[in-house]
Amino acid sequence: MELELRHLRVLCAIADTGSVGRAAAALGASQPATSTQLRRIERYLGAPLFERAASGVVPTCFGVEVLAAARDVLVRADRLGRRGAEDAARAPRVLRLAATLSPVLPGLLDRARRQRPELRFTVSSVYRSSDIVELLERGGADAALAVDYPGRELRHSSALACRSIVTEPTSVALPAGHRLRHRPEIALADLAAETWLLTPDDGAGWHAVFHDACAAAGFAPVAVHEFLGGRLELQELIAAGLGVSVVRATTRPLADVVVKPLAGTPIWFRQLLVWRRAAMSEEEAEALFGAAASAYRGLVAGPGPLRARGTRAYRPAAGESGPSAMEP
């Protein structure tokens, strides 16, 4: 046999109670089993550990040495156990976050980490919102930032929850020397002859939304080039005069690009927080949503046209189903 912590506890119980029978009762074992255990330990150690006395049993000289070592080992083991439990209790809670190319993401992470320091995040970049929903549905992520459009809300099962961070107006980005650059806002119809740089379909209906808005303005785009890249590269192409593009209201233009509101705001989109109900508590979801809304407010906090574009509220047309008017 090899000595284990349970053997040391038997020895300490016998010494503390002064009786094999009382030790057995304290340990929830039978007296014969405890006596057998003691004999096995004494055979392993090669000498008696207890001797009979008028009041019961007392440790032998060798037993006193063994008991001192046993108590020291048990105290150390108990400390290790408590430390392990405390470390487990302090272990960070990891949330897997998926996100589109959202300007809200950096601010969300910064605020969420400061407000809920026990949370840690892993982030996966996913372009299509429909792919984000699929990822959440199969348990590949816990929460996500996604987009959709009024009247084309993302579909998902009851296993997911969805909350709108903001319904945001769109703008148009033009080269700084464009003929319409001095207008405070630009009608979509006035851009009928332009070449458009269009980002790929986002799985939420972006291409249909764009072409429907153009049709409502009375034209079909004469030239559309699909562009897949970052916001900086898109603006560099616009600055070079290769086309114009619909952009988010919170876009901060380069020196050779101007961003103008679209008159009448023919295109809106929603920024969403979506999460798996089983993966996050209500408190965690509320913390993430608050961090996302605060991050958006930070993007539009300054004075000037950015604030005016970014905080304009969406109001559904009469009879239209969709999100209610809201601001972040």
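The values are calculated or read from the model by the stated rules, or taken from the named source; none is laboratory data. Keep in mind that this is a model prediction, so the values were computed, not measured. Please note: Cβ atoms are built from the backbone with ideal geometry, for glycine as well, and neighbour counts cover all protein chains shown.
Data for the structure
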quantity	calculated
Hits in segment 42-58 - residues which are under 59 Å from the mean Cα position of the chain (by Cα) and closer than 18 Å to Gln31 by Cα	Glu42, Leu49
Qualifying residue in segment 270-291 (condition: within 30 Å of Gly218 (Cβ to Cβ) and either in contact (Cβ under 8 Å) with a residue 24 or more places away in the chain or not basic (Lys, Arg) (or both))	yes
Any hit, segment 79-95, residues being surrounded by 15 or more Cβ atoms within 10 Å (Cβ to Cβ) and in contact with a strand residue (DSSP E or B) (Cβ under 8 Å, 6 or more places away or on another chain)	yes
Among (1) assigned by TED's automatic domain parsing to the domain that holds Ala287; (2) of a type in the set (Ser, Thr, Tyr); (3) free of Cβ contacts under 8 Å to residues at least 40 places away in the same chain; (4) surrounded by 15 or more Cβ atoms within 10 Å (Cβ to Cβ) - the single one Thr60 does not satisfy	(1)
Which listed residue is among the small types (Gly, Ala, Ser) and either crowded, with 17+ Cβ neighbours inside 10 Å or in contact (Cβ under 8 Å) with a residue 60 or more places away in the chain (or both), from Ala217, Ala193, Ala189	Ala217
In segment 96-127, the residues that are surrounded by fewer than 17 Cβ atoms within 10 Å (Cβ to Cβ), closer than 28 Å to Val247 by Cα and charged (D, E, K, R)	Asp110
